[in-house]
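Read-outs: derived from the displayed coordinates by stated rules, not from any lab. The shown structure was predicted, so the numbers you read here are calculated from the model rather than taken from an experiment.
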Amino acid sequence: MNPQAFAPWRDLAVILLCIESALFIAIPGVIFFFAQKYLRIFRHWLKMPLLRAQVYALRTQEITQRVANRIADVPITLQMLNVRVQATARRFMAGG
């Protein structure tokens, strides 16, 4: 068989391969370009609601810490009172 008989099909296959490769590279490139472009706009638009959410989270954290400290103070105070009473009782028992 003559190798030149397949030359047009070989050339067509190379051209199609180049086109497919360009599309496989160009399509994600275009998608990433516009994603990056609109991500900047979206991030700018989202800045204020996220700042507001951060303020609410910090307020919630402060209130939670304040309440937790008040709750934890009760057993700590009772334990300190118990230790003081025991120390005072030992001192009186020792005579002095």
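Using alpha carbon centroids, what distance separates the range 46-96 and the range 1-45, in Å?
64 Å
Determine the gain in length on full extension of the stretch R84-T60; use 0.36 nm per residue of separation and subtract their C-alpha separation, reporting nm with one decimal.
5.1 nm
Using 0.36 nm per residue, how much length does the chain from F33 to L46 gain when fully extended, once their Cα-Cα distance is taken away?
Stretched out fully, the F33 to L46 stretch lengthens by 2.7 nm.
State, in angstrom, two size descriptors of the chain derived from its alpha carbons: Rg to one decimal place and Dmax to the nearest whole number.
When restricted to Cα atoms, the chain yields Rg and Dmax of 38.3, 123 Å.
Once both axes come from the Cα atoms, what is the angle between helix 7-94 and the longest principal axis of the chain, in degrees from 0 to 90, rounded to 10?
With rounding to tens, the tilt is 0 degrees.
Between A5 and A53, what length in nm is gained on full extension when 0.36 nm per residue of separation is reduced by their alpha carbon distance?
Residue separation times 0.36 nm, minus the Cα-Cα distance, leaves 10.2 nm.
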